[in-house]
Amino acid sequence: MVGPVRPQFVLFGSSIVEYSFGTGGWGAILADLYARQADIALRGYAGWNSRRALQVLEQVFPKDAAVQPSLVIVYFGGNDSMLPDPSGLGPHVPLPEYVENMRKIAIHLKSLSEKIRIIFLTAPPINEEQICQSLGGFGFRLSRTNESCRVYSNALLELCQEMGIKAVDMWTAIQQKKDWKTTCFIDGIHFSAEGSKIIAREILKVIKEAEWEPSLYYKSLPPEFGEDSPFDPVSPDGKTTLNISNQCFDRNLHWDICNGIENT
């Protein structure tokens, strides 16, 4: 591991997480905004459900790790909510078991450190028509519905409220956008850049508004190697240098303006 040791944020989940580092993805947005404040670690596994997550939970998050994450963002639910296959195979997990699986994940994460913070992401909505159009040619049948996503999303929100865990209601957040069905997905399931911006915005709102000490909001964390230096760019007065380690770079300014984060 390279040093110095920064706060580590781990993204743990299925394809919504694995693909989040793609161009315009919500994980990529977080990595960009936290470029000098925290390391964003990706632990995404396409096709997985909460059962498979439990199988590897202690390998991904070992209790004896030298450094534990400061924040873990967890997403499982969309695959769990898929309709049961007559063969008995497949990713479907009955709702009560899904809730208990997510409870076990939360309990394990909380046991790692008193300082660890957790955000659960609920199942997002889907565009059923787009799924049929984009995946039907590959032999896929429509095995999930927007209604089943809603049910699993609500169940996770209830668990988060019970356990005092921060949550992002992706099912509701995406559908707040008027044209969400045509702009937020690439295939009816996975997020486009537009959908990812919504998710990143909601995650950042949770982080900013959380009463965590210390705050994990990207503008609150100190920049690494942020001390003044004579090797910094020369100021307009020609006599001093300009410390730009904590300046609002174009990426941050653009993000704030476009997403209403600044001064909210």
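Screening SER111 with (1) part of a helix (DSSP H, G or I); (2) hydroxyl-bearing (Ser, Thr, Tyr); (3) crowded, with 19+ Cβ neighbours inside 10 Å gives one miss only, at (3).
When the stretch 36-63 is filtered for residues that are farther than 20 Å from PHE9 by Cβ and surrounded by 17 or more Cβ atoms within 10 Å (Cβ to Cβ), the ones remaining, listed by number, are ASN49, SER50, ARG52. Checked against the criterion of being of a type in the set (S, T, N, Q), at negative phi, assigned to a helix (DSSP H, G or I) and out of contact with any strand residue (DSSP E or B) (no Cβ under 6 Å at 6 or more places or on another chain), the stretch 15-22 contains one or more residues that satisfy it.
The residue that is surrounded by the fewest Cβ atoms within 10 Å (Cβ to Cβ), among those in the stretch 230-264 that are assigned to a loop (DSSP other than H, G, I, E, B) and at pLDDT below 60, is ASN263. If you go through the stretch 177-229 and keep only what is basic (Lys, Arg) and not in a helix (DSSP H, G or I), you end up with LYS177, LYS178, LYS219.
The values are calculated or read from the model by the stated rules, or taken from the named source; none is laboratory data. Since we're looking at a predicted model, the values are computed, not measured. In this analysis, Cβ positions are derived from the backbone assuming ideal geometry, glycine residues included, and neighbour counts consider all displayed protein chains.
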